[in-house]
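The values are calculated or read from the model by the stated rules, or taken from the named source; none is laboratory data. This is a predicted model, so every value here is computed, not measured. All Cβ positions, even for glycine, are placed from backbone atoms using ideal geometry, and neighbour counts span all protein chains on display.
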Amino acid sequence: MELDSKIPSGPIADKWTKHRFEMKLVNPANKRKYDVIVVGTGLAGGSAAATLAELGYNVHAFCFHGSPRRAHSIAAQGGINAAKNYPNDGDSIHRLFYDTVKGGDFRSREANVHRLAEVSVNIIDQCVAQGVPFAREYGGLLDNRSFGGAQVSRTFYARGQTGQQLLLGAYSALSRQIGLGKVRMHVFKEMLDLVVVDGHAKGIITRDLRTGKIESHAAHAVVLATGGYSTVFFLSTNAKGCNVTAGYRAHRRGAAFANPCYTQIHPTCIPQHGDHQAKLTLMSESLRNDGRVWVPKKPNDPRRARDIPEAERDYYLERKYPSFGNLAPRDIASRSAKEACDNGLGVGSSKRGVYLDFRDSISRLGKDAISARYGNLFDMYQRITDENPYEVPMRIYPAPHYTMGGLWVDYNLMSTIPGLFVIGEANFSDHGANRLGASALMQGLADGYFVLPYTIGDYLARIPSTPITAGSEHAAAASEVTKQTEKLLSIDGKRSVDSFHRELGMLMLDKCGMARNEQRLKEAIEQIPAIREEFWENVSVPGSGAELNQQLEKAGRVADYLEFAELMCRDALMRNESCGGHFREEYQTADGEALRDDENYCFAGAWEYTGKGNSPKLHREPLVFENVPLAIRSYK
Amino acid sequence: MNFTLHVWRQKNVDSPGQMVIYPARDISPDSSFIEMIDVVNSGLAEKGEDPIAYEADCLEGICGCCSMTINGIPHGPGRGATTCQLHMRSFQDGEHIYIEPFRSAAFPLVKDLMVDRSSFDRIIQAGGFISVNTGGAQDANSIPIPKDDADLAFDAAQCIGCGACVAGCKNGAAMLFTAAKVAQLARLPQGQPERYRRVVHMVETMDNEGFGSCTNQYECEAVCPKEISVRYIAEMNRDYIKAKLCK
Ligand SMILES: Cc1cc2nc3c(=O)[nH]c(=O)nc-3n(C[C@H](O)[C@H](O)[C@H](O)COP(=O)(O)OP(=O)(O)OC[C@H]3O[C@@H](n4cnc5c(N)ncnc54)[C@H](O)[C@@H]3O)c2cc1C
C-alpha cells in the first residue's frame, strides 16, 4: 500500500484554484452515464448526493434511517464556522486556517485545512439561499458568536439547532433531486460490505432493514458519508445508531484507517445518572460564551453551590488559561475537568461533575437575554436533571463526542481504494488530533457541496462510462454478508447485544479515553479479544433474518466495534506522544499539558488490514508545516 | 419504580396485531421512556424472545425517529417533548402504561411501534425546497431579512417531521407538517419565486398520500413536540386559495 496525499504544488492559497483547473472534467452529456453510490445522507452525504445530481450524475443514495432527514447531523446544536469576517473583528481565511491547524495540534494536513477555510464562506451563502433561518440582527444581517479555540466571532447559528437547520437545507436540496428523479433514495438500507472489482470500488451490499433482503448495488464510484464512531464508548453524545460498520468493512476490503485513536471528549455534557442510561446529552459549547466553569476549592465541599463564597471557588479555566478562559479548546477543557474531579473537587452525587455557572451573566445581561441565547438548552437541561439552571449552576462532565480519525483519504478525498471516496466525519482529513467547535458542520458541507463534486469528476473522467452491473464479486460479497447474518442468529447465547456493547464501552472509556498510558492500553489489547470471543459464543440474537430485527442490526455493529476497538488501542499505543484529544500520561509537561513529539510522530498513521487475526500494518504519511510553523500550542 | 406495560405487537403490516402485557421492574425515575423500554427489551432478548421494535436515535428530541402513542397521546403526557425526552418520573409508580405506534392510513406499519413515514418525504419532494443549485448563491448578507421574519420562519422550521400531528388528529391530517414548511419558505424573500407553485404541489401531494382534512380541532398543535402553531395552517390555506384563484 502506498500513501500518496496528492497535495498540489504551489503556494497554499493557490493550491485549490490551481487543482480545480488541472482536474479533468466529465462532459455534461456524459455525466448521466455514470452511476455514483452515496452511503449516508447526513450533512456530508446529503449535500454531496444533491450536488452530484444537480451536475447530472446518476445518484443512488442510501441510509439506514427511515428518512434522510433523521441523520445524526440533525442533533448538532451550536453552529458552523465561516471566515466571512462580517463582525469586522480581524477574521480571514488565513486566520480560520491557522486556528484550525493549531486547534488540531499540528496533526492535520495544511492543504486540506486551507481549502476548508476557503470554501467556508460559500457554505453560508449556499445555506442562506436554501432558506436556512440563521440568527439575524435587527438590521436584517447575519449574527455571529464565538466558539472555543478562537478569538474572533465567526460562528453562524440557528438558535440551538444549527445542525437541524443545515441538514434540513441539504435534505431539501436532496429532496428536490429525488423529486426530479435524479437521485434514487434507498431508506432503511444498511451497507454491510463494499464490493471491489479489479482494485476499484464498484458497489455495495446492503440489507433491507424491513424485509431482511440482502441486495447488491453496482456503480462507477462509491462515496461513504457514514459519520463517526463515538458510540464505540457505548455512552456518548452521538445518536444510538451511529456506528463504524461501513468504514470498518471498507477497511477490511483494503481502505487504510487513519488515526483511529484521535477521539474527542466534549467538556460540556450532562453527567451520567445511572446504570441503564442509553446516552449522554451534550450541552452546547456555545454556553461557555456566558457560563463560567468552576469547582469548590475544598474537596468534598458539602455546601450548595450558591452558599460557596467567591473566594472559595476555583474558576480553573480562567486561572490556567487567562487569554482564552472558559473558551479554551475542548481537549484542554475536558482534561482540566477530569483533573479537578480526580483531585476530589468534583460536584454532584457522583462527584464526576463541575459547575457551569450563569449567575454573573444573568446579573450582567438579564435573564431574558440569556434565555434568548440559550433558552432551549436550559429547558433541555431542566427536563433531564429536574434542576433549574437559571437558579443553580449546571453540572457538566466530559463525554465522548466526535471522532477525528477515519478512513484515510488523499487531497481528492479518495481512500486507498480507487473509486472509494470518504467525506464528513467518516474521513480523517481536516481536524488533526482535536476538532474545534463548529467546524464539523463546516467540513461536512465543504466536502459535500464544494470539494467532492469536483474531485470525483477527475476520477470518473479517467474510467470508461460503460454501464455497470453486479457481477461475481458482488455475489461473493453478498454471500459473505448472508453468512455473517446467519452466524449471528445461530449463536443462541445468553447475553444481550447491549450488555457486550456496554462492557466494551466501559473498557474503552477507562483505557482509551481521556487519559491513556502504555500499561492500560496493553491490558485493553488483551481484554478486547476475550470479550469478542465471548460475544461470538454467547450473544443472544432472537428472531430471524428475514424480517425487521433490530437486535441483529445492533449485533453486526457491535461485532465490528469489537474488532475496531482493538485497532484504536493499538494506534494509541503506537503514538508515544500526547497531542490534542490523544493524551498519554507518560508524555506531559511539568504543568500537565500535552507534550508532542514532532521529531518522531509528525505523521498521520494509516493502518492497513492484513487479514483476520493478523496485526494491522502501519503506514505513515509525513505532515509538513510550511505555513503555520510547528509550535507548542498555548492558550495561556 | 415498577410499571405494567401494554404494548402493541404486530409482526408486519399484513399480520394482525394485539396488545401484550410486560412488567417493567426496578426502573429509575430518572430513566427516559426509551431507556425503560431498553431494560424490558434486554430482558426479552436474554430469554430468547423477540424484543419490542421501535424507532429512536438521537434521544434528545430532534431527529424525529421516536413515534409512540402513550396512554392515547402521541409522545405521551409531556408538553413540547418527544417520547425520548419523557422521563419515568412523569408516571406514577405501579401505573399501567399503554404504548401504541403512531396510527395513520398514510403511515403503514413496519413492526410493533415502528411506522413508515416516507409519505412526509414525498410531500417535501413535491416542493418543500428553494430551487438553487450548489454554487449559484450570492453573498449571504446581500439578502437582509427582518429579524422578526427570520424568527417566525425559524419557529416554523423547527418541525422534526415525527408525525405526532397526524397521529393526534382524528382525521389523520398532515396540515401542520405541510404548513410549517410552506410558511417557513413563504416568510423568506428567497422563498418568493416559487411560493404559489410550492403550496399547490405540496398540498396536492399531501391529499394524494391519503392524509385527511383539517376540521380545526388543534390537536396537532397540542401534541407537537416543537409546539408549532396552527396559525401556519391558516397561512397555508390563504396561499393555497390565492394560488388557485390566480391561476
Ligand atoms: C450532540 C452533538 C452536537 C454537535 N454540535 C456540533 C456543532 O454545533 N457544530 C459542529 O460543527 N459540529 C457539531 N457536532 C458534530 C457534527 O454534528 C457531526 O460531526 C456531523 O454532523 C457529521 O455529519 P456526517 O454527515 O459526516 O454524518 P452523519 O450525520 O452521522 O450521517 C451519517 C449517515 O450515514 C448513514 N449510515 C451510517 N452507516 C450506514 C450504513 N452502514 N449503511 C447505510 N447508511 C449508513 C446514516 O443513516 C446517516 O444518514 C455535533 C455532534 C453531536 C453529537
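Of note:
- First in the stretch A:140-162 and within 21 Å of A:His266 (Cβ to Cβ), second anywhere and of a type in the set (Phe, Trp, Tyr), Cβ under 7 Å, 6 or more apart: A:Arg145/A:Tyr157; A:Thr155/A:Phe147; A:Phe156/A:Phe134; A:Tyr157/A:Phe134; A:Ala158/A:Phe134; A:Ala158/B:Phe154; A:Arg159/B:Phe154; A:Gly160/A:Tyr374
- One residue from A:Ser472, A:Ser465, A:Ser496 being more than 14 Å from chain B (Cβ to nearest Cβ), in contact (Cβ under 8 Å) with a residue 24 or more places away in the chain and of a type in the set (Gly, Ala, Ser): A:Ser465
- Restricting attention to the stretch A:283-299 and to residues that are surrounded by 24 or more Cβ atoms within 10 Å (Cβ to Cβ) and not small (Gly, Ala, Ser), the residue that is nearest to the ligand (Cβ to nearest atom) turns out to be A:Glu285.
- Of all residues making up the stretch A:12-43, the number that are closer than 28 Å to A:Arg620 by Cα and in a helix (DSSP H, G or I): 10
- Number of residues in the stretch A:147-166 that are within 13 Å of the ligand (Cβ to nearest atom) and either part of a loop (DSSP other than H, G, I, E, B) or touching a Gly at 6+ places or on another chain (Cβ under 7 Å) (or both) equals 13.
- Screening A:Gly274, A:Gly254 for residues that are more than 14 Å from the ligand (Cβ to nearest atom), in the same structural domain as A:Arg335 (by TED's automatic domain parsing) and surrounded by fewer than 20 Cβ atoms within 10 Å (Cβ to Cβ) leaves exactly one candidate, A:Gly274.
- Cβ-Cβ contacts under 6 Å between residues 6 or more apart (or on different chains), taken from a first residue in the stretch A:37-55 that is more than 10 Å from every other protein chain (Cβ to nearest Cβ) to a second residue that is within 10 Å of the ligand (Cβ to nearest atom) and acidic (Asp, Glu), are listed as A:Ala44/A:Asp447.
- Restricting the stretch A:74-105 to residues that are touching a Lys or Arg at 6+ places or on another chain (Cβ under 7 Å) and more than 16 Å from the ligand (Cβ to nearest atom), the residue that is nearest to the other protein chains (Cβ to nearest Cβ): A:Asp91
- In the set A:Ser108, A:Ser9, A:Ser5, only one residue is within 16 Å of the ligand (Cβ to nearest atom), more than 14 Å from chain B (Cβ to nearest Cβ), assigned to a loop (DSSP other than H, G, I, E, B) and farther than 20 Å from A:Ala173 by Cα; that residue is A:Ser108.
- Residue match in the stretch A:45-65 (condition: more than 20 Å from the chain's Cα centre (by Cα), among the polar types (S, T, N, Q) and within 14 Å of the ligand (Cβ to nearest atom)): yes
- Residues in the stretch B:52-70 that are out of contact with any Cys (no Cβ under 9 Å at 6 or more places or on another chain) and either surrounded by fewer than 24 Cβ atoms within 10 Å (Cβ to Cβ) or more than 9 Å from chain A (Cβ to nearest Cβ) (or both): B:Ile52, B:Ala53, B:Met68, B:Thr69, B:Ile70.
- Exactly one residue out of A:Asp430, A:Asp447, A:Asp458 is under 30 Å from A:Trp16 (Cα atoms), touching a residue at least 60 places away in the same chain (Cβ under 8 Å), away from the ligand (no atom under 16 Å from the Cβ) and among the acidic types (Asp, Glu), and it is A:Asp458.
- Looking across the stretch A:601-626, the residues that are surrounded by fewer than 14 Cβ atoms within 10 Å (Cβ to Cβ) and assigned to a strand (DSSP E or B) come down to A:Lys617, A:Arg620, A:Pro622.
- If the condition is being of a type in the set (Phe, Trp, Tyr) and within 22 Å of A:Phe64 (Cα to Cα), then the stretch A:521-574 contributes A:Tyr561, A:Phe564.
- Residue among A:Ala173, A:Ala158 that is crowded, with 23+ Cβ neighbours inside 10 Å, within 8 Å of another protein chain (Cβ to nearest Cβ) and modelled with pLDDT of 95 or more: A:Ala173
- Of all residues making up the stretch A:202-249, the number that are basic (Lys, Arg), assigned to a loop (DSSP other than H, G, I, E, B) and within 12 Å of the ligand (Cβ to nearest atom): 1
- Matching residues in the stretch A:227-248 - criterion: being within 14 Å of chain B (Cβ to nearest Cβ) and within 22 Å of A:Glu480 (Cα to Cα): A:Asn243
- Yes/no for B:Phe177 being closer than 23 Å to B:Asp57 by Cα, more than 10 Å from chain A (Cβ to nearest Cβ) and in a helix (DSSP H, G or I): yes
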